[in-house]
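Below is one structure, written out as structure tokens, with a few remarks after it.
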Amino acid sequence: MIHEILPVGPLQCNCSIVGDETTREAMVIDPGDEINEIQALLRKHNLRVKQIVITHAHIDHVGGAMKLRAATGAPILLNQNDYALLKMLDVQAAWLGMKSPGRVEIDQNIGQADVVKAGSLQGQVIHTPGHTEGSICIYFPLEKKLIAGDTLFAGSIGRTDLPGGSLEKIMESLHNQVLALPEETVVIPGHGPTTTIGEERETNPYLQK
Ligand SMILES: [Zn+2]
């Protein structure tokens, strides 16, 4: 598995490029910004993008998706529970004092138990509402990796005070879905350093019973 993690944009959203070493097919998860840098990494590894996967419809995760789609022809995938939030990108941009990326079109809805693919790589979609209604995590069981979006961070959890957020739902998602994964699973959060499920189960102050 080729895996590049590139923090993009003013909020340094972790964009993941995941590629199959044999077929050179790839998926890009959360291309929030800096599409030129993302494309440079794709060229460096000789990868072709087959899918653009969005963990949730916050501007720092989805802002560059249309530009990447235009450059690659790959479809954009998002859970339908975040379509309303996606229509508020102008409002989100105003909150952050950022330029609006314009309208983002979704090509395909993805939800619980769907599989995203790049060559032989398979990522299982886990619906983890709480940070937003349509938040998802992508779990690669063979590689033991979890792309967690803004649901789980090293030592913290996603904020739930924005529209569509729910503390009750994020706790349910974390305890019933995310922490149920094997402890050796490497977690790539939407922002900040990587961690593991075991580490967070033991030390994350928000997850202690
Ligand atoms: Zn977010």
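The values are calculated or read from the model by the stated rules, or taken from the named source; none is laboratory data. These numbers were taken from a predicted model, which means no experiment stands behind them. FYI the Cβ positions are ideal-geometry reconstructions off the backbone, even for glycines, and counts take in every protein chain you see. Calculation scope for accessible area: heavy atoms of the full protein, side chains included, ligands and nucleic acids excluded. Shrake-Rupley method; radii C 1.70, N 1.55, O 1.52, S 1.80 Å.
General remarks:
- Local net charge near Leu142, Cβ-Cβ under 15 Å (Lys/Arg +1, Asp/Glu -1): -1
- Dipole magnitude for the chain: about 480 debye, using +1 per Lys or Arg Cβ and -1 per Asp or Glu Cβ, origin at the Cα centre.
- Heavy-atom accessible area order for Arg24, Arg43, largest first, 1.4 Å probe: Arg43, Arg24
- Cross-linked pairs Lys99/Lys209; Lys50/Lys144; Lys44/Lys87; Lys144/Lys169; Lys145/Lys169: Cα-Cα separations exceed 30 Å for Lys99/Lys209; Lys44/Lys87.
- Contact order for the chain, expressed relative to its length and based on alpha carbon pairs under 8 Å spaced 6+ residues apart, stands at 16 percent.
- Taken per residue, the accessible surface of region 148-196 reaches 43 Å², heavy atoms only and a 1.4 Å probe.
- Packing here is the average count of other Cβ atoms within 10 Å per residue, and on that basis the peptides 125-133, 201-209, highest first, run 125-133, 201-209.
- Protection proxy ranking of 9-17, 134-142, by the mean of other Cβ atoms within 10 Å over each peptide's residues and highest first, is 134-142, 9-17.
- Net charge contributed by nearby residues that have their C-beta within less than 10 Å of Ala154 (K/R +1, D/E -1): -2
- On a per residue basis, region 17-125 carries 45 Å² of accessible surface, using protein heavy atoms and a 1.4 Å probe.
- Summing Lys and Arg as +1 and Asp and Glu as -1 over all other residues whose Cβ lies under 10 Å from the Cβ of Arg69 gives a net charge of -1.
- If you wrap region 100-209 in the convex hull of its Cα atoms and look at it from every side, the mean projected area works out to 7.8 nm².
- The chain - percent of accessible surface contributed by carbon and sulfur, probe 1.4 Å: 49 percent
- Ranked from largest to smallest solvent-accessible area, with a 1.4 Å probe on the protein heavy atoms, Asp82, Asp114 come out as Asp114, Asp82.
- Euclidean distance of C-alpha centroids, region 44-71 and region 115-150, integer Å: 15 Å
- For the chain, alpha-carbon Rg over 2.2 N^0.38 Å: 0.94
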